[in-house]
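First comes the structure, then the notes that go with it.
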Amino acid sequence: MKGSESLAFSRNRYYRGKMLTSADFDAEQRYMNNKRQFVNRMVTGAGIVCGLNVVSLDDLSFMVESGVALDDTGREIVMDSSVVKKLSALSGFETLESGRASLCIRYQENETQPVYAVDGQDGDREFEYNRIEDGYELFLIDADKAEEAFEAETEFYTGGILFENQDYQVRLRLPRDICAGHYVKLEVEVVKMSDAKTTFRYEAVLQTPALTAAGGEQELSVSLEGGQEKESRIVKEYWMLAQTEVCEDTGIMVKAGSVRVWIDGGQCPANAGFSYKLNIVEMAPELLAAREISRVNLELRSFGQGTGAIRLADITLVRTESAYLIEQVDESVRRYIPTAADGWKRKEYAGYFCKQYPFTDNRALSADGTAKKENGEGLIPETLLIASGTVEIPIGDHAKKGDICYSDEIMHGLGAGNIYVTVGYESLEEDGLTGNTARTTVYGDPHLFGSAGQRVAAESAVKVLNDKGSFVVGIKLKANIDMILLTYRWVAIRCDRERSAEEIGGDALQGIGVVTPTVILGAGERYFFAVEYLNMKPCSVTYALTDHDSGEISADGIYTAPSKEGVYEIRIYCTDRPAIHTYAYAIVKKKAVQEIQAADTAADTGEGLL
């Protein structure tokens, strides 16, 4: 079925005494096939329905897994079992001209079951084939010649060419109609047009009267560099907010004098003054997309046709003296058909990803800091702002009035920065009404509440180590006591918060910190050092060990402790701005991690304490 030649659907009209010939039965088959294929083409589209994955087995052969596809005429291509093929055995291999080939599949009919022809029209042919079997053919074609599936052009996009010379082309693309009050994506793309090995950079300011940037400006600064390989494409996305009022005739233009182009490090003249029309409309995005797609009439949809081929993968080849070798299989060129039968599963899988936080209400959090459910909606917590725990301070036998004792260094878990920490004396008291023993905490002077239980008179102070994300508690006894250690409950509160560029100003101090700067690990244990940013956007960071034989650190910040005990330092810095850096520390002990965790658990519950 090619183009519109099958659109005049015709079927048999039966009447009494009608003589049927093979032509009539052929017409009956064509009618049913063309109807089904027409629905496939118009409703489902062309692409891979399932399977047909390409797996490289060795340098010369590959496997295509079983699957189903629909071509651009609506014909079903079914591979009922996986097949293994040698590259050199495929059609098209001998005519390849480049080192990158597209592996394609197309529909093919096979005549089967030869039978004796009683009344053959051809005197030299005594046999006819009794069946036509649906089949397929795998073949190769140069990737740059592989014909893309036809897509009818719509008027959804506006934009055009911002800059062009013999080596590079800069294009702008955005929707012609923009939904009022919604964010809209602008795409700026640099395409390499030639084989020349040059460097390229483009900068310009776009004026957008009906769109606003993040800071409220009605201008957008764009900046991007070009690739080195011919036909390489580099795309940058910019998001802007459309005004809430409907406007049928507005635009976006290049600010005069703002265009700057550098080629091989030298600035060159560039055109300016481009203007593109767009409209702000009162319509939901889903409705707008449906309207634009439905505008394409049947003649346009049926006008262009491809080769009937479905691209399964692009294969990069290495030429040797005697053959081509498979270097890489790239399946990113595959085009899938989203079927209704798998819609619920597709929605479930896609629900694990979100470009931005969909909820900002962080009031309903579980005790462990995870998000609760309210009214059927999930809540996403921001950075933890409060933490608490217990600390035990040993004071020795027969402590006397005036003695000063200190705790070990405690990690509060809120990261580096401005953290407020307070402590309260914790003890067990008997409830006068029920007679049960209950745990109480008194912040300040315990003796203001009487002398119940094991209360002791002591002054307390906290020293917060801002850069390390930890603190030390000190106490001074106000009387002689017989206890061996004292238990305090601590509460830490983060005082600073991440602020926008408008709030902090351009000259605010920028920096990075480690969420948990100091950790205790067992030999060979792994730990990820997560980074937080102060007055700056997240960026790429580099992890490095400051000493030899101090373990291993991966590029993404996963540290593996060495077998030797000690304290090891990890330097973390912004890849593009090494001056912005911080440090993390790993305390390595040979005892098993389970023992460390058990000790921590015992400390939290009070088990094993005197």
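Only the coordinates and a few stated rules stand behind these numbers; no lab work does. Remember, predicted model here, so these are calculated numbers, not experimental data. Glycine also receives a Cβ, built like all others from the backbone with ideal geometry; neighbour counts cover every protein chain displayed.
Here's the picture: charge each Lys and Arg Cβ at +1 and each Asp and Glu Cβ at -1 in region 386-494, and of Val456, Tyr420, Ile410 the one pushed furthest to the positive end of that dipole is Tyr420.
Here the 3J(HN,Hα) profile of region 180-185, calculated from phi with Karplus coefficients 6.51, -1.76 and 1.60 at θ = phi - 60°, is 4, x, 10, 6, 10, 9 Hz, Gly and Pro shown as x. Relative to the current alpha-carbon distance between Phe449 and Ala341, full extension at 0.36 nm per residue lengthens the span by 32.0 nm.
For the pair region 257-271 and region 24-67, the centres of their Cα atoms are 49 angstrom apart.
Under a 5 Å amide H cut-off, with hydrogens placed 1.01 Å from N, Glu219 pairs with Thr208, Ala213 among residues at least 5 apart or on other chains. Is the shape of region 157-295 best called rounded, prolate or oblate, per the rule: a/c under 1.5 gives rounded, else a/b larger than b/c gives prolate, else oblate, with a ≥ b ≥ c the square roots of the Cα gyration tensor eigenvalues? It comes out prolate by the Cα gyration axes. Placing +1 on the Cβ of every Lys and Arg and -1 on the Cβ of every Asp and Glu, with nothing else charged, gives region 527-573 a dipole about its Cα centre of roughly 200 debye.
Computed from point charges on the beta carbon alone (+1 for Lys and Arg, -1 for Asp and Glu), the dipole magnitude for region 6-109 about its Cα centre is near 760 Debye. Once backbone amide H atoms are built at 1.01 Å from N, Asn535 has Arg499 as its partners under 5 Å, excluding neighbours fewer than 5 places away on the same chain.
The charge dipole of region 386-494, taken about its Cα centre with unit charges on the Cβ of Lys, Arg, Asp and Glu (plus for the first two, minus for the last two), comes to roughly 320 debye. Which of rounded, prolate or oblate describes region 15-70 when judged by the alpha-carbon gyration tensor and an a/c cut-off of 1.5? Judged from the Cα gyration tensor, region 15-70 comes out prolate (a/c at least 1.5, a/b above b/c). Anisotropy class assigned to region 386-494 is oblate, per the alpha carbon gyration tensor with a/c at or over the 1.5 cut-off and a/b no larger than b/c. Annotation for Glu248 and Arg260: the two label points, set 7 Å from Cα along the Cα-Cβ direction, are 4.2 nm apart.
In order along region 540-552, the phi-based Karplus estimate (6.51 cos²θ - 1.76 cosθ + 1.60, θ = phi - 60°) of 3J(HN,Hα) comes to 6, 10, 10, 10, 8, 7, 7, 10, 6, 6, 10, x, 9 Hz; Gly and Pro are listed as x.
Our estimate of slack between Ser61 and Val318, defined as 0.36 nm per intervening residue step minus the Cα-Cα distance, is 91.2 nm. Only Cα pairs under 8 Å and 6+ residues apart enter the sum, and on that basis the relative contact order of region 157-295 stands at 28 percent. The 3J(HN,Hα) values that the Karplus relation (6.51, -1.76, 1.60; θ = phi - 60°) gives for region 342-348 are, in residue order, 9, x, 5, 5, 4, 5, 5 Hz. Gly and Pro appear as x.
Identify, among Gly67, Ala8, Asn110, the residue whose Cα sits farthest towards the positive end of the charge dipole of region 3-121, taking +1 on the Cβ of Lys and Arg and -1 on the Cβ of Asp and Glu, with the dipole about the Cα centre. So the residue furthest toward the plus end is Ala8.
Measure up Lys463/Lys564; Lys185/Lys347; Lys197/Lys255; Lys463/Lys589; Lys401/Lys463 against 28 Å on the Cα-Cα distance and list the ones that go over. In this structure, Lys463/Lys564; Lys197/Lys255 lie more than 28 Å apart at Cα.
Subtracting the Cα-Cα distance of Ser194 and Glu392 from their residue separation scaled by 0.36 nm leaves 64.2 nm.
Other residues whose C-beta falls under 12 angstrom from the C-beta of Cys247 contribute a net charge of -4, scoring Lys and Arg +1 and Asp and Glu -1.
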